[in-house]
Amino acid sequence: MRVGVALSDPGGVLATPLVTLDHDAGAGTDLDRLVALVDEHEVVEVVVGLPRTLAGRDGPAAQTAQTYAAALAELLASRDVPVVLSDERLTTVAATRTLSDRGVKGRKQRRVIDQAAAVGILQGYLDARRARRDPDPSVDS
C-alpha cells in the first residue's frame, strides 16, 4: 500500500500533490514521515481518505483507513492538529482517468496515482468545507 500526500494553499482553496509514501505497517516510518511533513509545512488539519463502498458502507479498507487515521491522530495529539476522515469513493478511478487523458500511462502513472488521488480527496474536502461555510449568494436571506 502507498500513501499519497497533498497540501492545500494557506487559504484552503487549492490542493496540490506533494509526495507518495510507502506504507510501513511494521515500523510506521510512513507515519513518522507524515508527522515530519505536518511540522515542515505547518499543517493545521490532516485529511485521511475513507474508502467507503459505493453503497456508502464501511468495509475492510475503510476500517484500515480508520485505524491509520487513529494512529496518526495519536502521533499528532501533542501538536493540536486534528485528523479527519473524508469519503474518497472513486477518487482513484477519477485520478487514473485524468492521468490517462493527459497521456500518463503504465509505470509513470503508478508512481503518481496516489498523489493524484490525494489531491482529489483533499480538494473534495476543501470544496465541501467551503460550501458549508459560504451561504449561496444568489439566495435572498
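The values are calculated or read from the model by the stated rules, or taken from the named source; none is laboratory data. Just so it is clear, the model here is predicted, and its values are computed rather than measured. We place every Cβ from the backbone using ideal geometry, glycine too, and count neighbours over all the protein chains shown.
Overview of values
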| read-out | value |
| --- | --- |
| Unique match (being modelled with pLDDT under 95, surrounded by fewer than 14 Cβ atoms within 10 Å (Cβ to Cβ), more than 14 Å from the chain's Cα centre (by Cα) and among the polar types (S, T, N, Q)) among Thr53, Thr67 | Thr53 |
| Complete set of residues in the stretch 26-53 that are under 17 Å from Arg79 (Cβ atoms) and part of a helix (DSSP H, G or I) | Leu31, Asp32, Arg33, Leu34, Val35, Ala36, Leu37, Val38, Asp39, Glu40 |
| Criterion violated by Gly28 - all others in (1) surrounded by fewer than 17 Cβ atoms within 10 Å (Cβ to Cβ); (2) closer than 13 Å to Ala117 by Cβ satisfied | (2) |
| Single condition Leu99 does not satisfy, out of (1) at pLDDT below 90; (2) closer than 23 Å to Gly26 by Cα | (2) |
| Qualifying residue in the stretch 54-64 (condition: in contact with a Leu (Cβ under 7 Å, 6 or more places away or on another chain) and in a helix (DSSP H, G or I)) | yes |
| Residues within the stretch 1-31 that are free of Cβ contacts under 8 Å to residues at least 40 places away in the same chain, more than 28 Å from Ala131 (Cβ to Cβ) and charged (D, E, K, R), tallied | 3 |
